[in-house]
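Taking it in order: structure first as C-alpha cells, then the write-up.
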Amino acid sequence: MTTSTSLAYLIALPLAGAVILLLAGRKADKWGHLLATALSASSFGVGIYQLTQMLAREPEERAFSQKLFSWISVGTFNVDAGLLLDQLSICFVLLITGVGTLIHIYSISYMSHDPDRRRFFAYLNLFIAAMLLLVLGDSYLNLYVGWEGVGLASYLLIGFWNQKPAYATASKKAFVMNRIGDMGLSFAIMIAFATLGTVSFSGVKEASETASTAALTGIGIMLLVAAAGKSAQFPLQAWLGDAMAGPTPVSALIHAATMVTAGVYLITRSNFIFDAAPTAQLLVVIVGAITLTFGALVGTAKDDIKKALAASTMSQIGYMILAAGLGPAGYAFAIMHLLTHGFFKAGMFLGAGSVMHGMNDQVNMRRYGALRKFMPITFATFGLGYLAIIGVPPFAGFYSKDAIIETAFNAGGLKGILLGSTALLGAAITAFYMTRVMVLTFTSPERWEEDQHPHESPFLMWLPMAVLAVGSVTTGYLFTRGDGLVHWLEPVFGEHGEHEEFLPAIVVSGMAITAVIIGVAIALIKYQFSDVDAEAPENVTEFTRIARRDLFQDSFNESIFMRPGQVLTRFFVKVDDSVVDGTVRLVGRTALSAGSELRKTQTGFARSYAALILIGAVVLIAAIWVVTQ
Amino acid sequence: MNPYNYLYLAALLFTIGAVGVVVRRNAIVVFMCVELMLNAANLTLVTFSRINGTLDGQVVAFFTMVVAACEVVVGLAIIVTIYRSRRSASVDDASLLKR
C-alpha cells in the first residue's frame with residue numbers, strides 16, 4: 001500500500017474553515033460564507049487530485065494510507081490515527097465534497113437573509129470535515145470520531161433555528177435516537193477489541209478469517225444497530241422526519257446525500273464481517289426490506305414536501321441496506337445506488353428549497369400547484385431527479401435500483417422471491433408517491449394561499465440544482481458502462497462468482513418498469529385527473545390515517561420506551577430523594593442532635609472540667625492496667 | 001530506707017492535690033493544690049531516678065520546677081486580675097464560658 005501525505009488536507013481544509021468562522025465571530029459575517037465555500041471546493045480539488053493519483057496506479061496498489069500520529073499505545077493495544085483512501089472511500093470523498101460544495105453555493109443565496117449565515121456555514125464546514133474523517137479513518141475507532149462528529153453537526157444544523165421550540169425538540173430527538181446507534185458502534189468496537197484484539201480495518205479483516213462466528217455475529221449485529229441509528233433504518237427511523245426542521249440545504253446534504261448513508265458505508269466497509277456472519281447478514285436484509293416498505297408507505301401520506309422526501313430517503317436507504325445485506329453480489333450496487341441517490345435526492349431537496357423560497361416558506365404541497373409555469377428551471381431539475389428516483393430508463397435511478405432488484409431476486413429460494421417482490425413493490429410505491437409530489441407541486445391546478453407570488457430562484461440557487469440534475473441523468477449510465485463501478489470496487493469487496501440467475505435480467509427490468517408505470521398511473525388518476533383538496537381531507541381510509549402518523553412510530557416509541565422510561569426516572573428520583581438523600585440527611589441530623597446534647601456538658605465551671613479530666617485519667621490508667629495485666 | 005515509701009508519699013500528696021482542686025472554690029487554694037500535684041509528680045521523678053540510678057528523672061524534675069514557676073507567675077496574675085474586676089476569687093463565679 002502506498003502512502004500519501006496530502007490526505008490530511010482533505011479534512012484539514014474544511015475543519016480550518018469551521019474553526020475560523022466560529023472563532024472570528026461577527027467579524028467574519030461579511031466573508032464567512034465565501035471562505036467556507038472556497039475551502040469546501042478546495043477540498044473537492046484535493047479529492048480530484050487523489051483520484052488522478054489513484055488512476056495512475058495498478059488496481060491492486062490504488063489504496064493510499066497516511067499515518068497521522070500514534071493515538072493510543074497501551075501494552076499490545078496500538079491505535080494510530082491514520083487515514084485510508086481506497087476505491088470505496090474515494091467515491092464518498094468525491095460525493096461529500098462535490099455535493100457539499102454545490103450545497104455551499106446554494107446556501108449562499110438560500111441563507112442570504114439569515115442573520116446567522118456565518119454560523120450556518122461554520123457548521124456545514126464542520127460537517128464536511130467530520131464526514132470526511134468518517135470515510136477516511138483506517139480503523140473503527142477513527143471512524144467513530146467522524147461518526148460522532150457528523151452526529152454533532154447534524155444536531156447543530158437541525159436545531160439551527162432553535163428559537164422555535166419544536167425545532168429544538170427535533171434536534172434533540174435526532175441526537176438521542178442517534179445515541180442508540182452510536183452505542184451499538186461502541187459495543188461493536190469493544191467486542192472487536194475483546195475478541196479480535198484489534199480495531200483497524202485491515203487487522204479486523206485478517207482476524208475475521210479465523211475468528212469465531214459468534215463473535216463476528218455479535219460485532220455484525222452491533223454494527224447494524226449503529227447503521228440503523230445513523231441511516232434512519234427500522235427500528236431507529238423516527239428521527240429523520242423531524243430532522244426536516246433544519247434549513248433545506250441541510251436536509252439535502254446531511255439528511256439525504258451523505259450522513260444518512262454512513263450506515264451503508266459502515267456495512268459495506270465491514271463486508272468481511274458480514275460475509276462470515278450469515279445471521280447478521282440476514283438481519284441486515286430484513287432491516288433493509290422493512291425500512292424500504294415502511295418509508296415508502298409513510299411517503300404516500302405526507303403533505304409536507306420535505307417530510308415526503310425524507311420518507312423517500314428512508315426508503316431508498318432501505319434499498320441500499322438491502323443490497324448491502326445481499327453479500328458480495330450486492331455491495332457494489334448498494335454503493336452505486338448511494339451515489340446516484342446522492343445526486344437525485346440532493347437535487348430534489350434543493351428543488352424543494354427553491355419552491356419554498358418562492359412560496360414564502362410554505363411546505364404544504366396541498367397549497368402548491370401549477371408551479372411549472374412560474375419556476376421552469378426548478379421544475380426541470382426536480383423533474384429529472386424525479387425520473388431518476390422512480391427508475392425510468394435511462395436515468396440514474398433505473399440502473400442502480402434495477403441492479404438491486406435483480407440481485408435480490410438472485411439471492412435464491414424463498415428469500416430471493418420475498419426480497420425481490422418487496423423491492424419491486426417498493427419501486428411501485430416510490431413511483432406513486434414521487435408522482436404525487438410532482439403533480440401536487442408542479443402540474444395540478446393552483447391552490448395557493450393568498451398573497452403568494454411564486455418566482456424562479458436566483459442563479460446561485462439553480463446552478464447547483466442544474467449540476468445535480470445532470471448527475472441524476474448521467475451517473476447511472478456512467479457507473480454501469482462496462483460494469484465500471486463494480487470492477488472499480490472489486491479490490492475492496494472482493495470478486496464474487498457468477499450467481500445463478502433466478503430470472504433473466506431483461507425480465508426483471510421489464511417487471512420493474514411495469515411496477516413504475518402502475519405506480520405513476522395510479523398517482524396521475526388520483527391527483528392529476530381529479531380535484532385535490534387544499535386542506536387535508538379528514539374522511540380518509542384507516543390506512544391513510546395510520547400512514548399520516550408515520551405508522552405509529554412515535555406512538556410506539558412513546559408508549560414502549562419513553563413513558564416507561566419516564567416512570568423509571570421518576571422512581572429513581574424518588575429513590576434518590578428518600579433513600580440516598582435520606583441517609584445523608586439522617587447522618588447530619590444525628591451529628592447535630594448529638595452535638596446539642598454534648599453541649600450541655602459545657603457548664604463553664606472549671607472544677608467540673610477538672611473533675612472530668614481526673615475521672616478520665618483514672619479510667620484510662622485503669623484500662624491500661626487491666627489490659628497489660 | 002525503702003525508696004518505695006517516697007512513691008506512697010507522692011501518691012498521697014497527688015490525691016490531696018487532686019481532691020483539693022475538685023472540692024475547693026477559692027482560686028488561690030485550687031492553685032496551691034495544683035502546685036501540690038506538680039510537686040508530687042516531681043517527687044516520683046526523683047524517686048525513680050534514685051531507684052534506677054540514673055539522672056534523667058532529676059533533670060526532668062528541674063524542668064518541671066521551671067515550668068511551674070512560670071505557671072505560677074501567669075496564673076497568679078490572672079487570679080489577681082479576676083479578683084480586681086469581680087471582687088471575688090471563687091472559681092465557680094468565673095463561669096462565663098458556659099454554652
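The values are calculated or read from the model by the stated rules, or taken from the named source; none is laboratory data. These numbers come from a predicted model, not from an experiment. Using ideal geometry, Cβ is built from the backbone for each residue, glycine included, and neighbour counts are taken over all protein chains shown. Just the protein is used for accessible areas: all its heavy atoms, side chains included, with ligands, DNA and RNA removed. Shrake-Rupley method; radii C 1.70, N 1.55, O 1.52, S 1.80 Å.
Roughly what percent of Cα-Cα pairs across chain A reach past 44 Å?
25
Binned at 5 Å from 0, what are the whole-percent values of the Cα-Cα distance distribution for the stretch A:278-537, short to long?
Over the stretch A:278-537, the share of Cα pairs per 5 Å bin runs 1, 7, 14, 18, 18, 15, 11, 7, 5, 3, 1, 0, 0 percent.
Under 16 Å Cα-Cα from A:Lys67, which aspartates and glutamates qualify once same-chain neighbours fewer than 8 residues away are excluded?
Within the straight-line limit of under 16 Å, A:Lys67 reaches these aspartates and glutamates: A:Asp80, A:Asp86, A:Asp138.
Considering only protein heavy atoms and a 1.4 Å probe, what is the carbon-and-sulfur percentage of the accessible area of the stretch A:304-346?
It is 67 percent, rounded to a whole number.
Anything over 25 Å Cα to Cα? Flag those among A:Lys306/A:Lys526; A:Lys173/A:Lys401; A:Lys30/A:Lys172; A:Lys345/A:Lys373, in the order listed.
Beyond 25 Å between Cα atoms: A:Lys173/A:Lys401; A:Lys30/A:Lys172.
Could you tell me what a quarter of the Cα convex hull surface of the stretch B:1-83 works out to, in nm² with one decimal place?
Average projection, Cα convex hull of the stretch B:1-83: 5.6 nm².
Against the globular-protein guess of 2.2 N^0.38 Å, express the Cα radius of gyration of the stretch A:242-396 as a ratio, rounded to two decimals.
Normalised Cα radius of gyration, the stretch A:242-396: 1.10.
Which of A:Gly98, A:Phe77, A:Ser65 sits farthest toward the positive end of the charge dipole of the stretch A:50-142, with +1 on the Cβ of Lys and Arg and -1 on the Cβ of Asp and Glu?
Towards the positive end, the residue furthest out is A:Gly98.
Roughly how many Å² is the accessible area per residue of the protein assembly as shown, as a whole number, for a 1.4 Å probe?
Accessible area per residue, the protein assembly as shown: 45 Å².
With no solvent and one point per C-alpha, what does the Debye sum give as log10 I(q)/I(0) for the stretch A:521-582 at q = 0.17, 0.21 Å⁻¹?
The calculated log intensity ratios at q = 0.17, 0.21 Å⁻¹ are -0.76, -0.91.
If you add up the charges near A:Leu236, with Lys and Arg at +1 and Asp and Glu at -1, over every other residue whose beta carbon is less than 14 angstrom from its beta carbon, what do you get?
It works out to a net charge of -1.
Using label points projected 7 Å from each Cα along Cα→Cβ, tell me how many nm separate B:Val60 and A:Leu586, to one decimal.
If labels sit at B:Val60 and A:Leu586, their model points lie 4.8 nm apart.
Have a look at the stretch B:1-39 and report residues whose accessible surface goes down by 40 Å² or more when the remaining protein chains are included, against the chain on its own, probe 1.4 Å, ligands and DNA/RNA excluded.
B:Val22
Accessible area lost on pairing B with A, both sides, 1.4 Å probe, Å² to nearest 100?
Answer for the B-A pair: about 1000 Å² buried.
Mind checking the full-extension length gain between A:Glu501 and A:Leu478? Use 0.36 nm per residue of separation minus the Cα-Cα distance, one decimal, nm.
Stretched fully, the A:Glu501-A:Leu478 segment lengthens by 5.9 nm.
Run the quick spin-label model on A:Phe552 and A:Lys373: label points 7 Å from Cα toward the beta carbon, then report their separation in nm to one decimal.
Between A:Phe552 and A:Lys373, the simple spin-label model gives 4.5 nm.
222 nm [θ] for the protein assembly as shown, helices only, -39500 (n - 2.57) per DSSP H run of 4+, per residue, to 500?
After summing the helix terms and dividing by the residues of the protein assembly as shown, the value is -23500 deg cm²/dmol.
Heads up, I need the accessible area for A:Thr422: 1.4 angstrom probe, whole protein in place, Å², nearest 10.
Looks like 40 Å² after rounding.
Average partner chain C-beta neighbours within 10 Å, per residue of A:63-75?
Mean number of neighbouring Cβ atoms from other chains: 0.
In whole angstrom, how far apart do the alpha carbon centroids of the stretch A:258-274 and the stretch A:50-111 sit?
That distance is 15 Å.
Output the relative contact order of chain A, whole-number percent, from Cα pairs under 8 angstrom with separation of 6+ residues.
Value for chain A: 12 percent.
Given R₀ = 51 Å, FRET efficiency for A:Ser530-A:Leu23 by Cβ-Cβ distance, to 0.05?
About 0.35, to the nearest 0.05.
Show me the three semi-axes of the equivalent ellipsoid for the stretch A:10-117, from the C-alpha gyration tensor (sqrt of 5 times each eigenvalue), largest first, rounded to whole Å.
For the stretch A:10-117, the semi-axes come out at 32, 20, 10 Å.
Taking chain B as a Gaussian network, where each spring joins two C-alpha atoms under 10 Å apart, which residue of B:Thr44, B:Thr64, B:Thr81 fluctuates the most?
B:Thr81
Give the average, rounded to an integer, of partner chain Cβ atoms located within 10 angstrom of each Cβ in A:592-605.
2
Could you tell me which of rounded, prolate or oblate describes the stretch A:74-180, using a ≥ b ≥ c as the square roots of the eigenvalues of the alpha-carbon gyration tensor, with rounded for a/c under 1.5 and, failing that, prolate when a/b is larger than b/c and oblate otherwise?
Oblate is the answer for the stretch A:74-180, as a/c is 1.5 or above yet b/c matches or exceeds a/b.
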